[in-house]
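The structure appears below as structure tokens.
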Amino acid sequence: MVLVTDQHEDQPGEHLTVGRVAEATGVSVRALHHYDAVGLVRPSGRSAAGYRLYAPGDVERLRTVVVYRRLGFSLEEVGDLLAADGSGQLEHLRRQRDAVTARLEEDTALLAAIDRALEVHVSGTQLTPEEQRELFGDSFSEDYAAEAEQRWGETPQWTQSQERTARYTRADWQEVKAEGDALNADFAALLSAGEPADGGAAMDVAERHRLHVCERFYDMSHAMHRSVSQLYVDDPRFTAVYEAVAPGLAQFVRDAARANAARHGVEEGCSS
């Protein structure tokens, strides 16, 4: 690393501050600090005051990282790719292209299913189990629903959820799924950026997650949220849903829910 004192860091081709790099690449300052800490993208220089300064080569490496992250690689995998020779990177990208192609095919089928659901919505017909499975994929199962009824069918939360969802249209279910996907994406972004599960940002998303359940299904206390979130790591089916979004996400969401419950005064061992 070099000390840079005689350059205007905002000029093209010269060293840039963290803020300028964040503005130019769309990567947050927090993520840049994390990439530096883990050795993924380290700035080549420092100002006289000790601030990070990025050379053109550093920014180019960062842009490569951004591309790999958008393709779905973990930070560890990105580090391996950057350390690999050209043939290694090419092989990884070929395999990833196959995965992206498969996802595109799945998305095309999903879009067709949603279009069919919209057409039926005009006639006022409710979603059939088959249509729900097409919309929600592996996360929907009649067996899961039967198991849930057996487990919680006598609770007021089950009754409340059944009463609410009985009135839902296809558009409502599409909104519910979109909201859930957005919450998972926000959790995954925090996990990727190195944010702690018990940090303020993660707890805020956990609170939104709890309120989503309250608004869409049933009244969920912070204690219940903490208890239910334990299923995310104990039940392989729940775990698989979160791990499909990002490795380690199930535990991250569980820990964020527990931290948020504690923030709202729910102590360990409390079940109400």
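The values are calculated or read from the model by the stated rules, or taken from the named source; none is laboratory data. Everything numeric here is computed off the predicted structure, so don't read it as measured data. Backbone-built Cβ (ideal geometry, glycine too); neighbour counts: all protein chains shown.
Given the structure, is residue 27 outside the structural domain of residue 190 (by TED's automatic domain parsing), surrounded by 12 or more Cβ atoms within 10 Å (Cβ to Cβ) and modelled with pLDDT of 75 or more?
Details: outside the structural domain of residue 190 (by TED's automatic domain parsing): yes; surrounded by 12 or more Cβ atoms within 10 Å (Cβ to Cβ): yes; modelled with pLDDT of 75 or more: yes.
Answer is yes for this residue.
Of all the residues that make up the stretch 205-239, how many are of a type in the set (Ser, Thr, Tyr) and part of a helix (DSSP H, G or I)? Lay out the reasoning, then the answer.
The first filter runs over the stretch 205-239 and keeps only residues of a type in the set (Ser, Thr, Tyr), leaving 218, 221, 227, 229, 232, 239.
Filter again for part of a helix (DSSP H, G or I), leaving 227, 229, 232, 239.
Final tally of qualifying residues: 4.
Could you check, for the stretch 42-50, whether at least one of its residues is assigned to a helix (DSSP H, G or I) and touching a helix residue (DSSP H, G or I) at 6+ places or on another chain (Cβ under 8 Å)? So far as the stretch 42-50 goes, no, none of its residues is assigned to a helix (DSSP H, G or I) and touching a helix residue (DSSP H, G or I) at 6+ places or on another chain (Cβ under 8 Å). Tell me whether the stretch 237-249 contains one or more residues that are assigned by TED's automatic domain parsing to the domain that holds residue 161, at pLDDT below 90, over 30 Å from residue 27 (Cβ atoms) and surrounded by fewer than 19 Cβ atoms within 10 Å (Cβ to Cβ). Yes, some residue in the stretch 237-249 is assigned by TED's automatic domain parsing to the domain that holds residue 161, at pLDDT below 90, over 30 Å from residue 27 (Cβ atoms) and surrounded by fewer than 19 Cβ atoms within 10 Å (Cβ to Cβ). The combined condition, being of a type outside the set (Ser, Thr, Tyr), free of Cβ contacts under 8 Å to residues at least 12 places away in the same chain and surrounded by fewer than 17 Cβ atoms within 10 Å (Cβ to Cβ), is not fulfilled by residue 198.
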